[in-house]
Amino acid sequence: MDSLNTLLLNSEYFILNKTLIKKIGLESTLILSDLINSKKSNIEKEHFTIQLHEISKNTTLSLFKIKNAINNLYKKKLIDVIVKNNETINVKILHTHILSTLFNEDILSFKESTKSVKPSPIKNKRFKKPTLKELQEYFTTIGEFDESEIMFDYYESKGWKVGKSPMKCWKSAARNWMRRLKKTNDFPDHYDKKLELKFGNDVETLSQYHKHLKKLGWISTYSPSSGITWRKKK
């Protein structure tokens, strides 16, 4: 145990073993160091609970890289992992296996050719865009308005991104689309200055209200004294 604490020391800075980095990679070594130095990791016979966001905070690695590193450590039999949920895992450090890897000893006398590859305990979900049919079917389950074609064309033109970030869940995006649509349908069919002031800095809602007025035949005008006002087309 003491030898591992020397080889993988975590104080204010990480001091990582070069041999281990060559064998399992820098990110996996960094994650292993953080796991070993967590407050319960010195008990080899027991699993301890750790949050993935805690590891991210300590190592500055993204959750995606942390999950890949944990899967790598698990496959190489350096740790055992029990997944509790998407953010929490139970881990047991396999110190004997780590030392065997460091000093080129056979792990539990198994030959490399007879080892079976373990499936990854943590799955990184990849986004898969929906088909138009899938989107249509989902819209029928969440509301009375079918905006599937409009939403599909909109995000297809955006490369299925929300802002500058790739979309993570199209069903969540569809629900948000429906919420915005319902909010638009709650607007009055006339111009209401008080309502406009109530929206204040909510630029998105204010823009939807103005679009709603334009669809009903209202036009905006500007004057230095009154600012922007709205009136019904004659």
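The values are calculated or read from the model by the stated rules, or taken from the named source; none is laboratory data. Since the model is a prediction, treat every value here as computed from it, not as a measurement. Backbone-built Cβ (ideal geometry, glycine too); neighbour counts: all protein chains shown.
Within region 196-227, the set of residues being aliphatic (A, V, I, L, M) and either assigned by TED's automatic domain parsing to the domain that holds Val162 or touching a helix residue (DSSP H, G or I) at 6+ places or on another chain (Cβ under 7 Å) (or both) comprises Leu206 only.
Rundown of residues vs (1) in contact (Cβ under 8 Å) with a residue 40 or more places away in the chain; (2) surrounded by 12 or more Cβ atoms within 10 Å (Cβ to Cβ); (3) hydrophobic (A, V, I, L, M, F, W, C), yes/no style:
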{"site": "Leu195", "(1), (2), (3)": "no, yes, yes"}
{"site": "Asn201", "(1), (2), (3)": "no, no, no"}
{"site": "Gln208", "(1), (2), (3)": "no, yes, no"}
{"site": "His212", "(1), (2), (3)": "no, yes, no"}
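In region 162-169, the count of residues that are at negative phi, modelled with pLDDT of 80 or more and touching a Lys or Arg at 6+ places or on another chain (Cβ under 7 Å) is one or more.
Looking across region 146-159, the residues that are of a type in the set (D, E, K, R) and either under 22 Å from the mean Cα position of the chain (by Cα) or part of a helix (DSSP H, G or I) (or both) come down to Glu149, Asp153, Glu156, Lys158.
Tell me which residues, restricted to region 1-53, are surrounded by 14 or more Cβ atoms within 10 Å (Cβ to Cβ), farther than 16 Å from Leu78 by Cα and either touching a helix residue (DSSP H, G or I) at 6+ places or on another chain (Cβ under 7 Å) or modelled with pLDDT of 85 or more (or both). If the condition is that a residue be surrounded by 14 or more Cβ atoms within 10 Å (Cβ to Cβ), farther than 16 Å from Leu78 by Cα and either touching a helix residue (DSSP H, G or I) at 6+ places or on another chain (Cβ under 7 Å) or modelled with pLDDT of 85 or more (or both), then Asn10, Phe14, Ile50, Leu52 are the ones that fit. Residues that are under 19 Å from the mean Cα position of the chain (by Cα), at positive phi and at pLDDT 75 or above are absent from region 107-130. The residues of region 125-155 that are within 25 Å of Phe64 (Cα to Cα) and out of contact with any Phe, Trp or Tyr (no Cβ under 6 Å at 6 or more places or on another chain), listed by number, are Lys125, Arg126, Phe127, Lys128, Tyr155. If you go through region 65-85 and keep only what is charged (D, E, K, R), out of contact with any helix residue (DSSP H, G or I) (no Cβ under 8 Å at 6 or more places or on another chain) and within 16 Å of Lys23 (Cβ to Cβ), you end up with just Lys75. What about Trp218, is it surrounded by 11 or more Cβ atoms within 10 Å (Cβ to Cβ), within 24 Å of Gly143 (Cα to Cα) and not charged (D, E, K, R)? So Trp218 fails the test.
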